[in-house]
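To start, the structure itself, in structure tokens.
The values are calculated or read from the model by the stated rules, or taken from the named source; none is laboratory data. Nothing here was measured: the structure is a model prediction, and the numbers come from that model. Positions of Cβ are backbone-derived with ideal geometry, glycine not excepted, and every protein chain shown enters the neighbour counts. SASA here: full protein model, heavy atoms, side chains in, ligands and nucleic acids out. Shrake-Rupley method; radii C 1.70, N 1.55, O 1.52, S 1.80 Å.
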Amino acid sequence: PQDWQLAIEIADALLDRFEDRVHGGFWFTSHDHEALFHRMKPAHDNATPSGNGVAAQALIALGHLAGEMRYIDAAERALRVFADGLAQSPASQSTLLIALDRLLVPPSTLIIAGDGDAGRAWQRQIERDYRPELSVIALEGANVPDALRKGPVPSEGAAGWLCQGTQCLPPATSLEAIEASLAQSDRGARATA
């Protein structure tokens, strides 16, 4: 719960203190920073990834998990302001390209809740296969952020919700049902690629 709260606080600070509210994107310095001759809003990757690309990726992921469109909208505004540069020089802005891909094809997230031992066993089994576009979140205990609650948690065993963006399938109560949903999701992703 404290990690979730920290993520929300950082995202809110990013929007409040760094977003270019007129054009989109994020400044390298905060709004309350001393006045600069040139205020940068970097889009290109260098030795480190683009701050705007990382911010957009993080906001898209958090926005889908939290069901908060304001985060996704801010990421989209950032991508729009850099669209011409992405079209002209995509190789120099791969961090923004990844964000664009995640905006166009919302990320898949599997949320597992219930008995800690069962949930961890499901997570270990699911993570045996290479699924780079799937995030697995295993929740334990009663102190779970409301945005991550997708339905009633069983008192014994576990349940899993496969979500694409903010849309979630009905809960699966067996590992086999989750694997079947993941296989179907994988086939659908390959068909659209």
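Only one residue in Gly165, Gly116 is under 30 Å from Trp27 (Cβ atoms), small (Gly, Ala, Ser) and modelled with pLDDT under 90, so which one is that?
Working: Gly116 fails: under 30 Å from Trp27 (Cβ atoms).
Testing whether each residue is under 30 Å from Trp27 (Cβ atoms), small (Gly, Ala, Ser) and modelled with pLDDT under 90 leaves just Gly165.
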Selection over region 56-74 where residues are in contact with a helix residue (DSSP H, G or I) (Cβ under 6 Å, 6 or more places away or on another chain) and open to solvent by less than 30 Å² (accessible area, probe 1.4 Å) yields a count of 9
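Look through region 102-127, keep the residues that are closer than 30 Å to His44 by Cα and among the hydrophobic types (A, V, I, L, M, F, W, C), and return whichever of them is surrounded by the fewest Cβ atoms within 10 Å (Cβ to Cβ).
In this case the residue turns out to be Leu104.
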Checked pairs for region 153-169, first β-branched (Val, Ile, Thr), second outside any loop (DSSP other than H, G, I, E, B) and surrounded by 17 or more Cβ atoms within 10 Å (Cβ to Cβ), C-beta under 7 Å and 6 or more apart or across chains, list as Val153/Ala113; Val153/Gly114; Val153/Ala159; Thr166/His64
Filtering region 104-120 down to residues that are touching a helix residue (DSSP H, G or I) at 6+ places or on another chain (Cβ under 8 Å) and more than 20 Å from Leu148 (Cα to Cα) yields Val105
Touching a Lys or Arg at 6+ places or on another chain (Cβ under 7 Å), at pLDDT 90 or above, closer than 28 Å to Tyr71 by Cα and open to solvent by less than 40 Å² (accessible area, probe 1.4 Å) - does that describe any residue in region 128-144? no
Exactly one of Thr192, Thr173 is modelled with pLDDT of 85 or more, open to solvent by 40 Å² or more (accessible area, probe 1.4 Å), polar (S, T, N, Q) and more than 18 Å from Tyr130 (Cβ to Cβ), and that residue is Thr173
Of those in region 12-27 that are closer than 11 Å to Met40 by Cβ and among the aromatic types (Phe, Trp, Tyr), the residue modelled with the highest pLDDT is Phe26
Counted residues in region 75-101 being without any contact (Cβ under 8 Å) to a residue 60 or more places away in the chain and either of a type in the set (Val, Ile, Thr) or surrounded by 21 or more Cβ atoms within 10 Å (Cβ to Cβ) (or both) come to 10
Taking the condition assigned to a loop (DSSP other than H, G, I, E, B), of a type in the set (Phe, Trp, Tyr), loosely packed, with under 13 Cβ neighbours inside 10 Å and free of Cβ contacts under 8 Å to residues at least 24 places away in the same chain, does Phe28 pass? no
